[in-house]
Amino acid sequence: MQTQQKELLDVTGTCQFLGIKKNHLRALVFHKKIPVTRIGRILKFDKEKLINWLASNTQEVEPK
């Protein structure tokens, strides 16, 4: 039986992955808009959950 290891990102890695600033990420966490795992005061983000979150929260913009 194999155990699948999840890829957990820290705040810096998540900001790089999403292309946002730390303040914006912290606001998303505060308002519970993004999936996060807390280990004490440390924030960790499951990369697979972030990909699913992006897919479900993406809106297409129509050109003017």
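Taken together, the values in this text are just the output of simple stated rules run on the coordinates, not laboratory data. Since the structure is predicted, the reported quantities are computational estimates derived from the model, not experimental observations.
Database remark: amide H of Leu9 closer than 5 angstrom to the amide H of Phe45, Asp46, Lys47 (H placed geometrically; neighbours at sequence offset of 5 or more, or on other chains; Pro and chain starts carry no H).
Eigenvalues of the alpha-carbon gyration tensor of the chain, scaled by 5 and square-rooted, set the equivalent ellipsoid semi-axes at 23, 17, 10 angstrom, largest first.
Grab the Cα-Cα distance for Thr12 and Arg41, subtract it from 0.36 nm times how many residues apart they are, and report the gain in nm with one decimal. Write out the running numbers ahead of the final one.
Numbers: separation 29, 0.36 × 29 = 10.44 nm, distance 1.50 nm.
Contour length minus the Cα-Cα distance gives 8.9 nm.
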